[in-house]
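The values are calculated or read from the model by the stated rules, or taken from the named source; none is laboratory data. Not measured: the values here are computed from a predicted model. Note that each Cβ is placed from the backbone with ideal geometry, even for glycine, and that neighbours are counted across all protein chains shown. To get the accessible areas, we keep the full protein, side chains included, count just its heavy atoms, and leave off ligands, DNA and RNA. Shrake-Rupley method; radii C 1.70, N 1.55, O 1.52, S 1.80 Å.
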Amino acid sequence: MIYVKGLSKSFGDNQVIKNIDMHITPGEKVVIIGPSGSGKSTFLRCLNLLEIPTGGTITFDGQEITAPGVDINKVRRHMGMVFQHFNLFNNLTVKDNIMLGPVKQKLMTKEEAEAEAMRLLKLVNLEEKADAYPAQLSGGQKQRIAIVRSLAMKPRVMLFDEPTSALDPEMVGEVLELMKKLADDGMTMVVVTHEMGFAREVATRVVFMDEGIIMEENTPQEIFNNPQNERLKSFLAKVL
Ligand code: ADP
Ligand code: MG
């Protein structure tokens, strides 16, 4: 589904992503772990062209999206992205947040988008918050709304960048539960997280990034029980 070849990204003289190759097949759940500053967010942002790579190619569903002249907005429509800080529109109700994308992109009529928003709110047991504003929600509720807002666009793949890092500990579980549900439903997912329990349980593959390269990748079993790379070993010693 996503084929990354020789991906590089520099900010000025600072090469943050160094010649990364990655192949993501439909239904895979790839969890990216690694120390702060290792390039995880930049890599994820390159996948949906929030950052423009300085080298290499990305092919998504058979289309080279890094080729000149590609309609970036059309590509992003098929890739949902969830950030650490929710990025909900604070001046819109919960329901309007969810309806905005599909209506603006003319994927649904207003009526269809409203029905879809209510279906998604039911899915996360937040129907009673349809007319509330983001400020009236807890962090965990906001993040679950941010996730279903992405789902309203019917993405082919979901990218998550530390979706639980900004949450109070007691709210982490409800967000991870929703992500597990998506995983069980077959969604293709790429998740940057420090939640090692989630990685163990949900990942089909764990990727350890450090200093802009993939240092090691394997099944969660192998990564956690039989790490090879010294830097991975010392990283795991700190986070486990
Ligand atoms: P991680 O998500 O693993 O913590 P990031 O991808 O956020 O790492 O950052 C990797 C490196 O890229 C850091 O040194 C960071 O300062 C740098 N970086 C990230 N975004 C930018 C940017 N927009 N401009 C300049 N440097 C950036
Ligand atoms: Mg990051």
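Scoring E211 on the criteria (1) under 20 Å from the mean Cα position of the chain (by Cα); (2) acidic (D, E); (3) open to solvent by 20 Å² or more (accessible area, probe 1.4 Å) leaves a single failure, condition (1). Selection within the stretch 47-69: residues that are free of Cβ contacts under 8 Å to residues at least 40 places away in the same chain and in contact with a strand residue (DSSP E or B) (Cβ under 7 Å, 6 or more places away or on another chain). The member of this set that is farthest from ligand 1 (Cβ to nearest atom) is E64.
Residues considered: E201, E217, E174. Of these, the only one that is touching a residue at least 12 places away in the same chain (Cβ under 8 Å) and in a strand (DSSP E or B) is E217.
Looking across V16, V31, V4, one residue alone is within 16 Å of ligand 2 (Cβ to nearest atom), open to solvent by less than 20 Å² (accessible area, probe 1.4 Å) and either in contact (Cβ under 8 Å) with a residue 40 or more places away in the chain or on the phi > 0 side of the Ramachandran plot (or both). It is V31.
Listed conditions (1) surrounded by fewer than 19 Cβ atoms within 10 Å (Cβ to Cβ); (2) outside any loop (DSSP other than H, G, I, E, B) are all met by G37, apart from (2).
Would it be correct to say that D96 is open to solvent by 30 Å² or more (accessible area, probe 1.4 Å), in contact with a Gly (Cβ under 8 Å, 6 or more places away or on another chain) and of a type in the set (D, E, K, R)? No: the conditions fail for D96. Looking only at the stretch 123-134, residues that are over 21 Å from H85 (Cβ atoms) and open to solvent by less than 80 Å² (accessible area, probe 1.4 Å) come to 3 in all. Before we move on, is L44 under 21 Å from K154 (Cβ atoms), outside any strand (DSSP E or B), of a type in the set (A, V, I, L, M) and touching a helix residue (DSSP H, G or I) at 6+ places or on another chain (Cβ under 7 Å)? No. Being crowded, with 17+ Cβ neighbours inside 10 Å and within 16 Å of ligand 2 (Cβ to nearest atom) holds for only one residue in L137, L88, L44, L120, and it is L44. Residues satisfying the criterion are present in the stretch 117-128 (criterion: β-branched (V, I, T) and within 20 Å of the chain's Cα centre (by Cα)). Scanning the stretch 126-167 for residues that are closer than 21 Å to S41 by Cα and in a loop (DSSP other than H, G, I, E, B) turns up P155, R156, E162, P163, T164, S165, A166, L167. The number of residues in the stretch 5-29 that are among the β-branched types (V, I, T) and away from ligand 1 (no atom under 15 Å from the Cβ) comes to 2.
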